[in-house]
Amino acid sequence: MGSQQQTSFAPDVQVRENGLRIGAIGAGMIMADVHLEAYRQAGFPVVAIASRTPSRAQALAERYGIPTVHDDPLALIADTDVEIVDIAFPPDQQPALIRAALAQEHVKGILAQKPLALTLDEAIALRDEAAAAGKVLSVNQNMRFDQSIRVLSQILEAGELGEVVFATINMHAIPHWQGFLEDYDRLTLANMSVHHLDALRFLFGEPDEIYTVTRTDPRTTFAHEDGIVVSTLRFPSGVLAMSVEDVWSGPREEGYDSDAGITWRVEGTHGVAKGTIGWPTGDPSTLTYASTKATDGQWVTPDWDTHWFPHAFIGVMEQLQYAIASGTEPELTVADNVRTIALIEAGYRSIRENRPVRVAEIPV
């Protein structure tokens, strides 16, 4: 029974559409090594690139065979050869670029980074402006396309774990903190927990409440408030979930044998699934599970050779390409992302007021 289950999983998406022309804004690590590499592998046509640093954009154009380099992002957005604008820019600058793209008749879709905006009000405004413009605005919540999270969602949908009781995501790893984050009044919850809280929404639906606690972290060098973050969520189904972000995990000295990583676990009445996210190790994400309903209580470990970075980003762009080509709603809608931002806003209110906050207190 276990082997039959193992072969039925789909850890990666099938590319149904790859014909819409992409203009890439940004030339940092996430664009250089993840977006553009994913698009190269999937055959998505990138026709133009722009960055705050033109020389870096030129280097990426040469690396990936991108035919046009623009001096600035607004020139790229005005390029009538561009059908999808893919933005990898700081969140304080992203709304202006989104609005510029919404105003261009030739632009059919926009892929924005998370957080979509620095405030919930701004995110709601962008959602409504995109709807009024008749444009497809999607947000790059790429953890939903991580292979282990995708397979977990398939196991849950099939009911193989029974009634879900408890779920955890534990991050003890040091992300690539962009320098611009040091100037914001929000750090870990808005910029890192956003992955995990969105994944929990994807897996279990809309939570009723969130209780978030935090502390500053003495292992970093710049001022901040939400350093280490722990959020507990309650769902209408009864599921209790916890998300932990320890983003300066362990000593950072050279030669320290770090055990940095991201793990997750879901417990149900008929089984348990657990796994790892393959960043920052560079390995594929993993999943193993045992179910009294589906695996005779034995541990089954599906495997794959694709990675969260870059292969999950194929799925993110593919869902946008397909939505535009088919005239259907994307999997990652801006309206859905606004609900993730509302959950984050509820988390910040919980920190300020030191209490559980019902998500319904945050109108969207």
*asked:* Whole percent per 10 Å bin, from 0 to the bin with the longest distance: what is P(r) over all C-alpha pairs of region 323-364?
replied: 28, 36, 20, 12, 3
*For Cα Rg over 2.2 N^0.38 Å, the choices are (i) 1.26; (ii) 1.14; (iii) 0.98; which was calculated from the structure?*
(iii)
_Cut-off is 10 Å between beta-carbons; in what order do Ser231, Ser350 appear when sorted fewest neighbours first?_
Ser350, Ser231
*So what J values fall out for region 352-364 if you push phi through Karplus, 6.51 cos²θ - 1.76 cosθ + 1.60 with θ = phi - 60°, rounded to Hz, Gly and Pro as x?*
5, 9, 6, 7, x, 10, 6, 4, 5, 5, 10, x, 10
_When the expected Rg is taken as 2.2 N^0.38 Å, what fraction or multiple of it is the alpha-carbon Rg of region 13-121?_
1.00
*Amide H to amide H, which residues 5 or more places from Val300 or on other chains are under 5 Å from it, using H placed in the peptide plane?*
Tyr289, Ala290
_How big is the dipole moment of region 239-364 about its Cα centre under a simple scheme where the beta carbon of each Lys and Arg is +1, that of each Asp and Glu is -1, and everything else is neutral? Debye, nearest 20, please._
600 debye
*Applying the Karplus parametrisation 6.51 cos²θ - 1.76 cosθ + 1.60 with θ = phi - 60° to the phi angles of region 226-241, what ³J(HN,Hα) value in whole Hz is obtained for each residue in order, glycine and proline being reported as x?*
8, x, 7, 10, 10, 10, 10, 10, 10, 10, x, 5, x, 4, 10, 10
*Convex hull volume of the Cα atoms in region 147-239, per residue, in Å³?*
112 Å³
_Within straight-line cross-link reach of Lys293, lysines at Cα separation under 25 Å, skipping those fewer than 8 residues along the same chain_ = Lys274
*asked:* Students often forget the sequence filter, so: which lysines lie under 23 Å Cα-Cα from Lys135 once same-chain residues fewer than 8 apart are removed?
replied: Lys108, Lys114
*Packing-wise, with mean Cβ within 10 Å as the measure, how do 250-259, 308-317 rank, highest first?*
308-317, 250-259
*asked:* Counting other beta carbons within 10 Å of each residue's own, what order do Thr306, Thr188 fall into, fewest first?
replied: Thr306, Thr188
*asked:* What whole-number distance in Å separates the alpha-carbon centres of region 97-130 and region 235-307?
replied: 33 Å
*Which whole-Hz couplings ³J(HN,Hα) result when phi for each residue of region 53-65 is put into the Karplus expression 6.51 cos²θ - 1.76 cosθ + 1.60, θ = phi - 60°, listed in order with x for Gly and Pro?*
10, x, 5, 6, 5, 4, 5, 5, 4, 5, 5, 10, x
_Dipole of region 12-142 [Lys/Arg +1, Asp/Glu -1 at C-beta], most positive-end residue of Val34, Leu76, Ala24_ = Val34
*How would you rank 322-334, 210-222, highest first, on the average number of other Cβ atoms within 10 Å across their residues?*
322-334, 210-222
*Order of Tyr348, Tyr64 from fewest to most other C-beta atoms within 10 Å?*
Tyr64, Tyr348
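Just so you know, all these numbers are worked out from the coordinates, no wet-lab data involved. Treat the numbers as computed from the prediction; the structure is a model and nothing was measured. Quick reminder, even Gly has a Cβ in these numbers, built from the backbone with ideal geometry, and neighbours come from all protein chains shown.
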